[in-house]
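Working notes, beginning with the structure itself.
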Amino acid sequence: MKHFCASVVLLTLLVLIVTSYECPLKNKKLNKKIKQYSKKCLQKGFQSSLGCESSDGKLKKKASRKCGKLEQVLKKCGHTCPTDGNWSDFGDWSDCSAACGGGSRKRRRSCSDPAPANGGSNCVGDAEETQECNDQPCEPYTLKVLCDDHTTVYIDGVQKYTDTNWQALASLSVPSPTRVIAVKCSDHAGAYGIAAGMKDSEGNDLMVSDNSWRCAGVEESGWEKPDFIEGDNWKPALDQGDRHSLISHPRSPWKQINSADSRSIWTSGGGNDRTAYCRKILI
């Protein structure tokens, strides 16, 4: 009997606990209470614990207690207020995409102050902002090219220099930015090779002739242009080192290039190719 009575008591307590967490209002009454909560509490300055936005103002103690009780009822019914999203401050600007000649930079913000919740609306506007930067003109680069024997130099597909004297040094002003340097070199006797170097306005090496160039032994239409797509004929340049006669000959103007890392290059076919078509993609 004692066990039976204890069980009844426990069951009664369990029912009371479960009932205390159930919503005591039906839909129609719940909607009425929500409107009442908004009009008599939130709009008069009651500080909500349900994430609801409150107007300025201060309720009297009695009214505040009533709002508190009403809020507890709504809480049992699972009521929460929608929170509209709001933008955070923008972060720092990214680095400019170009040092000169016009670039752009970006900065971002997030819809997190606060983030939208409970059916609230998303932030309106863009999360990313772009700004132009470093629009000052770029100083031109200086390109020097030496070829044994006949030389033709193209800058972004436009022929800028041609000469048939192996001792002639091509010295060109190259606009910044430039996408591709292309050199055609025809060997008519003896040694063969191409040597080049490009410096900025402060004399820093920007590009030298080495095996990062791509060369072919046959001419293809548009090979000198930036948008040319290299096929199977194009291979990494053959590195002939710095002891090549193009560099070591006493009458060679090599020293004027003045780039310690520059090498004599040719096609991977070596002496089997009497004309080399070589490209250096810069950007």
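The values are calculated or read from the model by the stated rules, or taken from the named source; none is laboratory data. Keep in mind it's a predicted model, so treat the numbers as computed, not measured. Using ideal geometry, Cβ is built from the backbone for each residue, glycine included, and neighbour counts are taken over all protein chains shown. These area figures cover heavy atoms from the full protein model, side chains too; ligands, DNA and RNA do not enter into them. Shrake-Rupley method; radii C 1.70, N 1.55, O 1.52, S 1.80 Å.
For n ≥ 4 DSSP H runs only, could you compute -39500 (n - 2.57) per run for the chain, divide by its residues and tell me the 222 nm figure to the nearest 500? Numbers along the way, then the final one.
Details: 4 runs with 53 residues, N = 283.
It lands at -6000 deg cm²/dmol.
Mind checking the full-extension length gain between GLN36 and SER173? Use 0.36 nm per residue of separation minus the Cα-Cα distance, one decimal, nm.
Values: separation 137, 0.36 × 137 = 49.32 nm, distance 7.85 nm.
Extending this stretch completely gives an extra 41.5 nm.
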> What lysines sit close enough to LYS29 to cross-link, taking a C-alpha to C-alpha distance under 20 Å and skipping anything fewer than 8 places away on the same chain?
Replying inline: LYS39, LYS40, LYS66, LYS69, LYS75, LYS76
> In straight Cα distance, which aspartates and glutamates are under 13 Å from LYS44, not counting same-chain residues fewer than 8 positions off?
Replying inline: GLU53, ASP56
> Using just the C-alpha positions of the range 35-181 as equal point scatterers, what log10 of I(q)/I(0) does the Debye formula give at each q in 0.13, 0.15, 0.19, 0.22 1/Å?
Replying inline: -0.79, -0.89, -1.08, -1.22
> How large, in Å, is the range 145-218 by the Kirkwood hydrodynamic radius built from its alpha-carbon pairs?
Replying inline: 13.0
>> Rounded to the nearest percent, how much of the accessible area of the chain (1.4 Å probe, protein heavy atoms only) is carbon and sulfur?
In response: 49
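Tally Lys and Arg at +1 and Asp and Glu at -1 over the other residues with C-beta under 11 Å from the C-beta of ASP149: what net charge comes out?
Numbers: positive: ARG274; negative: ASP148, ASP163, ASP187.
So the environment of ASP149 carries a net charge of -2.
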>> Given the whole protein assembly as supplied and a 1.4 Å probe, what does the accessible area of THR267 come to in Å², nearest 10?
In response: 0
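What's the Kirkwood radius of the chain in Å, using all Cα pairs?
On the way: mean 1/r = 0.0384 Å⁻¹.
Taking the inverse mean of 1/r over all distinct Cα pairs, the chain comes out at 26.1 Å.
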> What is the set of long-range amide H partners of GLY101 at a cut-off below 5 Å, with H atoms built 1.01 Å from backbone N?
Replying inline: GLN136, CYS138
> How many percent of all Cα-Cα pairs in the range 96-186 sit more than 23 Å apart?
Replying inline: 54
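If I stretch the segment between ALA115 and GLN136 completely, what's the gain in nm (0.36 nm per residue apart, minus their alpha carbon distance), one decimal? Working shown, then result.
Working: separation 21, 0.36 × 21 = 7.56 nm, distance 4.02 nm.
Stretched out fully, the ALA115 to GLN136 stretch lengthens by 3.5 nm.
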> Using θ = phi - 60° and the Karplus form 6.51 cos²θ - 1.76 cosθ + 1.60, what ³J(HN,Hα) does each residue of the range 29-44 get, whole Hz, x for Gly and Pro?
Replying inline: 5, 4, 4, 5, 5, 5, 5, 5, 4, 5, 6, 8, 10, 4, 6, 10
